[in-house]
Amino acid sequence: MVVGVVILVGAFANPAWAHRHQAEPAHGGEGQFLANGANHPRFIDPDGDGNYESCESYGPIPGSEISPAWYGLETAHHGRDSGDPGKGDDCYLADGNPGSVDPALRDDQNPAIG
């Protein structure tokens, strides 16, 4: 029973909601954290259309802080902002679910940034 619960919890632990961005090929494949391990606001799908957005108003990922570099990291990692371009609206809209394990559903345009 306990093993099943651990597996179930692990299945829903989504790296898009709790990861620091890093340049993966750096340092012999060990990677290097970008912007001192900066993090972004939470990603949610507010209208249920499958396109997730990260907005400062959604607050930080539990246990972290929103970095001033968050918007630049998201555009470098996932491509252009598909909503209102620019940080003026304090949001970044992805073309999918950045945390999905299914490559067809996620919006990860730059595989060098993890």
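Restricting to region 77-98, what's the tally of residues that are in contact with a Pro (Cβ under 7 Å, 6 or more places away or on another chain) and either assigned to a loop (DSSP other than H, G, I, E, B) or among the aliphatic types (A, V, I, L, M) (or both)?
The first filter runs over region 77-98 and keeps only residues in contact with a Pro (Cβ under 7 Å, 6 or more places away or on another chain), leaving 78.
Now drop any that are not either assigned to a loop (DSSP other than H, G, I, E, B) or among the aliphatic types (A, V, I, L, M) (or both), which leaves none.
Result for region 77-98: 0.
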Margin query: Between a residue in region 40-68 that is in a loop (DSSP other than H, G, I, E, B) and any residue that is among the β-branched types (Val, Ile, Thr), which pairs come within a Cβ distance under 7 Å, given they are 6 or more apart or on different chains?
Written below: His40/Ile66; Arg42/Ile61; Tyr52/Ile44
Note to self: Looking at the structure I just gave you, is Ala23 of a type in the set (A, V, I, L, M, F, W, C) and at pLDDT 70 or above?
What the structure shows: yes
Notebook entry, point to check: Could you list, in sequence order, the residues of region 51-64 that are modelled with pLDDT under 85 and surrounded by fewer than 16 Cβ atoms within 10 Å (Cβ to Cβ)?
Noted result: Pro62, Gly63
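The values are calculated or read from the model by the stated rules, or taken from the named source; none is laboratory data. Keep in mind that this is a model prediction, so the values were computed, not measured. Don't worry about glycine lacking a Cβ; one is built from the backbone with ideal geometry, like all the others, and counts go over all protein chains shown.
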